[in-house]
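> This structure is in structure tokens; I'll ask about it shortly.
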Amino acid sequence: QVQLVESGGGLVQAGGSLRLSCAASGSIFSLNVMGWYRRAPGKARELVATITSGGLTNYADSVKGRFSVSRDNAKSTVYLQMNSLKPEDTAVYYCKITLQRTTLSRLYDYWGQGTQVTVSS
């Protein structure tokens, strides 16, 4: 089994920063794409940022230049550094990790439990 544990959410004033972490543990052979999504109240879940195993990143237009996604494969962890936070960034943030559990298995998607980020104006 694989488990994802998120940390780092909280309450911050507009213009502030937060760093989210998501660590995977369990039966992991290789890590593929890792990333972050968010769901704001009354809205659909949306992609925030992803990073491939080769380090290629992709960001939602709304967070480009403010957020930075990174990964530490040795720790099976993905990070989201969020700077210049705005009230519209308020949401529950979920990590998603695509991985291979064994040498012969297909890719599986795993989701974190979600962490609340609240930005006050």
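> Which residue pairs have Cβ atoms under 7 Å apart, sit 6 or more places apart or on different chains, and have a first residue in the stretch 54-82 that is without any contact (Cβ under 8 Å) to a residue 24 or more places away in the chain and a second that is of a type in the set (D, E, K, R) and surrounded by 12 or more Cβ atoms within 10 Å (Cβ to Cβ)?
Short answer, once both residue conditions are applied: A60/E46.
> Another question, then. Give the stretch 74-115 a look and list any residue that's open to solvent by less than 40 Å² (accessible area, probe 1.4 Å) and among the hydrophobic types (A, V, I, L, M, F, W, C), or say none.
V78, L80, M82, L85, A91, V92, C95, I97, L99
> Return yes when G35 is open to solvent by 20 Å² or more (accessible area, probe 1.4 Å) and not polar (S, T, N, Q) and no when it is not.
Values: open to solvent by 20 Å² or more (accessible area, probe 1.4 Å): no; not polar (S, T, N, Q): yes.
Taking the combined requirement at face value, the residue does not satisfy it.
> A follow-up question, please. Of (1) open to solvent by 60 Å² or more (accessible area, probe 1.4 Å); (2) in contact with a Ser or Thr (Cβ under 6 Å, 6 or more places away or on another chain); (3) among the small types (G, A, S), A44 satisfies all except one. Which?
(2)
> Next up: Take the residues of the stretch 71-87 that are under 14 Å from Y37 (Cα atoms) and of a type outside the set (A, V, I, L, M): which is nearest to the chain's Cα centre (by Cα)? Even if it seems obvious, please write down each step before you answer.
To start, the set of residues in the stretch 71-87 that are under 14 Å from Y37 (Cα atoms) comprises 78-82.
Checking which are of a type outside the set (A, V, I, L, M) leaves us with 79, 81.
Numbers: Y79: 6, Q81: 10 Å.
Here the residue is Y79.
> Taking the stretch 1-32 on its own, how many of its residues are hydrophobic (A, V, I, L, M, F, W, C), open to solvent by 60 Å² or more (accessible area, probe 1.4 Å) and either in a loop (DSSP other than H, G, I, E, B) or over 24 Å from V119 (Cβ atoms) (or both)? Steps first, answer last, please.
Step one: filter the stretch 1-32 for residues hydrophobic (A, V, I, L, M, F, W, C), giving 2, 4-5, 11-12, 14, 18, 20, 22-24, 28-29, 31.
Still in the list and also open to solvent by 60 Å² or more (accessible area, probe 1.4 Å): 5, 11, 29.
The next check asks that each one be either in a loop (DSSP other than H, G, I, E, B) or over 24 Å from V119 (Cβ atoms) (or both); those that pass are 29.
Residues in the stretch 1-32 being hydrophobic (A, V, I, L, M, F, W, C), open to solvent by 60 Å² or more (accessible area, probe 1.4 Å) and either in a loop (DSSP other than H, G, I, E, B) or over 24 Å from V119 (Cβ atoms) (or both): 1 in total.
> I've got another one for you. Does L99 satisfy being in contact (Cβ under 8 Å) with a residue 40 or more places away in the chain, within 15 Å of Q116 (Cβ to Cβ) and in contact with a Leu (Cβ under 6 Å, 6 or more places away or on another chain)? Steps first, please.
Working: in contact (Cβ under 8 Å) with a residue 40 or more places away in the chain: yes; within 15 Å of Q116 (Cβ to Cβ): no; in contact with a Leu (Cβ under 6 Å, 6 or more places away or on another chain): yes.
So L99 does not fit the description; no.
The values are calculated or read from the model by the stated rules, or taken from the named source; none is laboratory data. The shown structure was predicted, so the numbers you read here are calculated from the model rather than taken from an experiment. Cβ coordinates were reconstructed from backbone atoms using ideal geometry, including for glycine residues, and neighbour counts include every protein chain displayed. These area figures cover heavy atoms from the full protein model, side chains too; ligands, DNA and RNA do not enter into them. Shrake-Rupley method; radii C 1.70, N 1.55, O 1.52, S 1.80 Å.
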